[in-house]
Amino acid sequence: MKIDVLTIFPGMITSYMTQGMMARAIQKGLVDLSVTDIRDFATDKARTVDDYPYGGGPGMVMKIAPVFSAMQSLQSDGIKRHVILTTPQGRVFDQSRAQELATQSKPLTLICGRYEGIDERTLELVNEEISIGDYVLTGGELPALVIIDSVVRLIPGVLGDSRSGMEDSFSSGYLDYPHYTRPEEFQGRCVPPVLLSGNHKEINRWRTKQAIRKTLKLKPYLINTETLTKEEQIILKEIKEDIENELS
Ligand code: 4GM
């Protein structure tokens with residue numbers, strides 16, 4: 001997957017992308033990342049990328065010209081891109097949008113804004129505004145990295161042969177089931193016995209039940225009762241009975 005990032009802080013992007021799974025994905029050739037410093041496209045001696053807002057008010061606004069030139073330079077290869085601007089105004093990002101971005105064929109371009117905002121006319125270059133949540137940050141770099149990380153881990157081969165992000169628990173629509181590793185007992189706290197049973201059918205059922213139970217408790221809006229499998233419906237009924245029994 002080809003990913004371009006436009007930013008005035010390229011080091012923020014490269015420092016994250018040269019560690020761990022992201023670095024591995026790049027080494028394996030599964031991700032072709034290029035980071036463009038918007039400041040390289042400023043035309044004055046001071047390499048200015050921001051200016052005062054028309055109409056007055058506090059703060060600075062990111063200028064359109066350097067962003068336009070940086071995009072033009074990218075687009076010189078003639079390849080159509082899916083251009084994302086990370087802003088608080090955008091649709092809030094989630095796992096299903098990550099999946100869609102991971103499976104679409106166009107290269108991804110992420111533009112990171114800074115200052116109080118970006119000149120509105122820059123939106124002409126943008127296919128989609130994405131927000132990572134309803135809060136304001138000093139720049140779009142962290143949101144861009146959040147989006148890239150969540151998309152890259154879904155590319156087949158990134159997580160390794162035995163795991164697939166497309167199959168991970170959140171993709172099933174539920175929160176993850178609880179995990180345990182050695183020791184079997186830590187200062188009186190034991191691992192649930194079913195996990196030591198070696199009975200994989202029972203283990204899978206227990207995990208599904210735990211995942212549904214946790215989701216029902218913490219994020220009930222994630223459960224779509226219309227798309228549950230027969231087995232999930234039975235488990236959900238069981239959970240509701242368990243909860244009632246616990247209350248009485
Ligand atoms: C305004 C316009 C994204 C501000 C463009 C960016 C929060 C998010 C910025 C921008 C941001 C978010 C920078 N703050 N919730 N600040 O995803 O890039």
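With the convex hull of the Cα atoms taken as the outline of the stretch 1-131, the averaged projected area works out to 9.0 nm².
What Kirkwood hydrodynamic radius, in Å, does the chain give when the mean of 1/r is taken over all pairs of distinct Cα atoms and then inverted?
Working: mean 1/r = 0.0472 Å⁻¹.
It works out to 21.2 Å.
Beta-bridge orientation, the stretch 56-196: approximately 20 percent antiparallel, per DSSP, counting only bridges with both partners inside. Over all distinct Cα-Cα pairs of the stretch 126-248, the Kirkwood formula returns a hydrodynamic radius of 17.7 Å. Per residue of the chain, the DSSP helices (runs of n ≥ 4 H) give a summed -39500 (n - 2.57) that works out to -11000 deg cm²/dmol at 222 nm. Between the alpha-carbon centres of the stretch 122-144 and the stretch 72-118 there is a gap of 9 Å. Can you list the trypsin sites (Lys or Arg not before Pro) in the stretch 1-42 that are in a DSSP coil and have 15 or fewer other beta carbons within 10 angstrom? Here the sparse-neighbourhood loop sites are LYS28.
Loop-located chymotrypsin sites (Phe, Trp or Tyr not before Pro) in the stretch 51-138 (DSSP state other than H, G, I, E, B) with a sparse environment of at most 15 neighbouring Cβ atoms within 10 Å: TYR54, TYR135. Pairs over the 21 Å Cα-Cα cut-off, from the set LYS45/LYS80; LYS28/LYS80; LYS106/LYS219; LYS209/LYS240; LYS2/LYS28: LYS45/LYS80; LYS28/LYS80; LYS106/LYS219.
As an exercise, take the mean of 1/r over every pair of distinct alpha carbons in the stretch 186-236, invert it, and state the Kirkwood radius in angstroms. Display every interim value, and only then the final one.
On the way: mean 1/r = 0.0803 Å⁻¹.
Result for the stretch 186-236, one decimal place: 12.5 Å.
The numbers here are math on the coordinates, done by the rules we state, and not lab data. No experiment lies behind these values; they were computed from the predicted model shown. Please note: Cβ atoms are built from the backbone with ideal geometry, for glycine as well, and neighbour counts cover all protein chains shown.
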